[in-house]
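Heads up: the structure comes next, in structure tokens.
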Amino acid sequence: MHLKRFQLGLIHVAVAMTLVPINSTLNRVMIKELAISATLVAILASLPYLFSPIQVAIGSYSDRHPILGFRRTPYILAGLILCVVGVIISPQVAFLMADNFPLGLLAGLLAFGAWGMGYNLSAVSYLSLASELSGENERGKTIATMWFMMILSIILTAIGLSRMVDPYTPQALIRAFGVVAVSALVLGLLGLLRLEPRAMPRARGAASEAYTIKQMSSAITANPVARVFFIYLLLLLAA
């Protein structure tokens, strides 16, 4: 379980790394260097949180539609790829907005939208996988490991970015974002390697499990570990 816990932490790190360039570096460049409206930049950067309600639908869909026998891995990978693509193209989109605002805005909505959708797609999937693999007794240790690795990675990524873009040039910014994106993809792939066991196929005609909001709320409030994990998820979305 120690290895799987570390792998889950790597996935958490990979997704968190894609947030750092946009939220800590690109927003400053867009506002200070490119003179783009701070309000518009804030809206684009907040797209992952605006999309967060769809996590419920994503989790339910992945439960009922495994791909090649895996309920979480394909969705985590798809989300991570969207995050990485969003990070790679976001600097070019920012420069395009400064040169051709209407076209740049359209490209920005697509790029930041892909990044935001990828964040939600991967986050709900790997958190569900963490819950399934850890079990009730190990869940607290898994959460602590993932959170510690994420915080450490954010600090290191921010330090690395600041050094790679000093002094600032558009080429340095593009190169730094590419390094972070590729690093996140590699770490995510290592985390996914042989992590999730194949799901057992359901018997034909078996009824799918469906729960009402009241039943899910009761399950959370009745279980102390589930309450802690639920609070963790809320803090993660608000962070």
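No lab work stands behind these numbers, since they all come straight from the coordinates. What you are looking at is a predicted structure, and each value in this text was computed from that prediction instead of being measured. Here Cβ is always computed from backbone atoms with ideal geometry, including for glycine, and neighbour counts include all displayed protein chains.
Some points to look at:
- Candidate set from the range 64-75 (those that are touching a residue at least 40 places away in the same chain (Cβ under 8 Å) and part of a helix (DSSP H, G or I)); member that is nearest to Asn23 (Cα to Cα): Tyr75
- Of all the residues in the range 27-53, those that are in contact with a helix residue (DSSP H, G or I) (Cβ under 6 Å, 6 or more places away or on another chain), in contact (Cβ under 8 Å) with a residue 40 or more places away in the chain and assigned to a helix (DSSP H, G or I) number 6.
- Of everything listed in (1) surrounded by 24 or more Cβ atoms within 10 Å (Cβ to Cβ); (2) under 30 Å from Leu3 (Cα atoms), the single unmet condition for Gly108 is (2).
- Tally of residues being of a type outside the set (A, V, I, L, M, F, W, C) and touching a Phe, Trp or Tyr at 6+ places or on another chain (Cβ under 9 Å) across the range 92-120: 5
- Among the candidates Ala114, Ala57, the residue that is touching a Leu at 6+ places or on another chain (Cβ under 9 Å) and either under 30 Å from Val29 (Cβ atoms) or in a helix (DSSP H, G or I) (or both) is uniquely Ala114.
- Which numbered condition Ser128 misses (of (1) surrounded by fewer than 16 Cβ atoms within 10 Å (Cβ to Cβ); (2) under 22 Å from Ala184 (Cβ atoms)): (1)
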